[in-house]
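To start, the structure itself, in structure tokens.
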Amino acid sequence: MRIRTVGLLALLSLVCTTAAQAHHSFAAEFDATKPITLRGTLTKIEIINPHGWIYVDVKNPDGTTTNWAVEAGSANTLLKRGLRKTSFPVGTEVLIKGFLAKNGRRVANGQTVTFPDGKDFFLGSSGTPGTPEGQ
């Protein structure tokens with residue numbers, strides 16, 4: 001019985017450690033000195049934890065298209081703000097402001113998303129620059 005309990009505790013510890021490593025702070029992954037503005041077409045949205053994700057096709061100057069992944073706040077945070085998956089219709093052109101990833105990939109931390117009708121949503125999670133929590 002004691003061996004089972006120790007084994008169960010070890011397994012639980014491993015699972016908790018793995019989950020904690022999957023979450024990161026803004027400063028660990030994004031560069032607050034590199035703001036970016038993306039204008040593109042929504043291709044997908046995921047309202048999941050630990051962060052929601054918006055995917056946008058952005059046209060490059062040479063005519064090619066690059067898909068960007070934009071990190072948003074947690075699912076719970078987005079839902080508390082009244083944002084639902086239906087708030088982001090795929091195929092809609094949007095303007096996203098945020099900050100570039102430090103690793104150079106086509107990933108950004110989203111601060112706001114603006115729709116053609118002028119509707120604006122705050123996407124940032126706590127600690128995002130320009131927010132009360134991020135000051």
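The values are calculated or read from the model by the stated rules, or taken from the named source; none is laboratory data. Nothing here was measured: the structure is a model prediction, and the numbers come from that model. In this analysis, Cβ positions are derived from the backbone assuming ideal geometry, glycine residues included, and neighbour counts consider all displayed protein chains. The accessibility values were calculated without ligands, DNA or RNA, using every heavy atom of the protein model including side chains. Shrake-Rupley method; radii C 1.70, N 1.55, O 1.52, S 1.80 Å.
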Listed by chain and number, the aspartates and glutamates with an alpha carbon less than 18 angstrom from that of LYS119, same-chain partners under 8 positions apart left out, are GLU93
In the neighborhood of HIS51, defined by Cβ-to-Cβ distances under 11 Å, what is the net charge if each Lys or Arg adds +1 and each Asp or Glu adds -1? -3
Simple spin-label estimate for ALA28/THR64, 7 Å along Cα→Cβ, in nm, reads 3.2
Quick one: pull the percent of accessible area on the range 23-77 belonging to carbon and sulfur, 1.4 Å probe, ligands and nucleic acids left out. 53
Pop a pseudo-label 7 angstrom from the Cα along the beta-carbon direction at both PHE115 and ASN49 and give the gap in nm to one decimal. 2.7
What is the distance in Å between the Cα centres of the range 86-122 and the range 38-71? 7
